[in-house]
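All of the numbers you see were taken from the coordinates with simple rules; none came from a lab. Just so we're clear, the structure is a prediction, and the values are computed from it rather than from any experiment. For neighbour counting, all protein chains shown are included, and Cβ atoms are generated from backbone atoms with ideal geometry for every residue, glycine included.
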Amino acid sequence: MLEAGHPCGDCAARCRAICSVLENDELKTFRKSGATMRLAAGETLFYEGDPARSVYSLARGTLRLTKMLPDGRRQIADFLFPGDFLGLTLEEGHSFSAEAVTPVEICRFSSARFEAFAAIHPQLERRLYALAAHELAAARQQVLRLGRKSAAERIASFLLMLAGREQDSGSTTKSNAREVFLPMSRTDIGDYLGLRIETISRELSAMKAQKLIRLASTQRIEILDLERLEDITAGETNVPGCVCA
């Protein structure tokens, strides 16, 4: 629990952020070593190839990591949510562009200052290692999702991933624990899952018809049958009317 008046006291991502392992005084020092940035939806935090001189902790909003393919197509590598950490790399430049899907608030630290602070706070280094391991596991899941899963399996796993993120953030309650918020567009989802927009719409309609989900709005989906959605993700059942690509 942060003390009254703490500069990070109103941070909704506090429990998930890399700085969650720091005590009050340590967190104050850490916060003072950085700065707060705000971006409007559509603005770019950094471009692919830009010098990697800063690291970032996402406090509010959603970012997407994108890469342009040689033929001009866009691939979304990941969506980042409050508490996620980005920018740390062994390369001189960023491998992806980071763009705001929604208005975002970000804590920015120079890479040199962050590394110096982490060197004398081993709990921060351990937290960074855990985040890196989680990111590697997520990257492997995405390779599996794109390489072997059907369209229905990709969308089901995507919805479950988002539902899990909302639960981890503490933004859900018992009454809405299975409600999923989609701040990104259908085009974004398609570029992340490797699917056409028409396929996404068709798959969601089929899941709705089977009473697996309810389309509350274009940005809100309620999961009605969690177990069957998990079975689809695992490839143990099919959704009538769904296609493979």
Computed, not fitted: 222 nm per-residue ellipticity of the chain from DSSP H runs ≥ 4 (each -39500 (n - 2.57)), nearest 500, equal to -12000 deg cm²/dmol
Comparing ALA13, ALA100, ALA209 in a Gaussian network model of the chain (Cα, 10 Å), the one with the largest mean-square fluctuation is ALA209
Using alpha-carbon positions, the gyration tensor of the stretch 23-120 gives root eigenvalues a ≥ b ≥ c; with a/c under 1.5 called rounded, otherwise prolate if a/b exceeds b/c, else oblate, the class is oblate
With Cα coordinates, the longest principal axis of the chain makes an angle with the long axis of helix 197-209, in degrees rounded to 10, of 70
Protection proxy (average C-beta count within 10 Å per residue), highest first, orders 120-131, 45-56, 75-86 as 75-86, 45-56, 120-131
Between the residues ALA156, GLY190, GLN219, the Cα farthest towards the positive end of the dipole of the stretch 149-233, that dipole coming from +1 and -1 charges on the beta-carbon of Lys, Arg, Asp and Glu, is from GLN219
Whole-Å distance linking the alpha carbon centroid of the stretch 50-78 with that of the stretch 196-239 is 27
In debye to the nearest 20, the charge dipole size for the stretch 149-233, taken about the Cα centre with +1 at each Lys and Arg Cβ and -1 at each Asp and Glu Cβ, equals 220
Stretched fully, the stretch from ARG38 through ARG214 gains (0.36 nm per residue minus C-alpha distance, one decimal, in nm) 60.0 nm
With Rh as the Kirkwood radius over Cα pairs, the chain has Rg/Rh of 0.99
Mean-square fluctuation maximum in Gaussian network of the chain, Cα pairs under 10 Å, restricted to THR66, THR29, THR102, hits THR29
Taking a label point 7 Å from the Cα of GLU23 along Cα-to-Cβ, the residues of the stretch 86-123 whose backbone nitrogen sits under 16 Å from it are 120-123
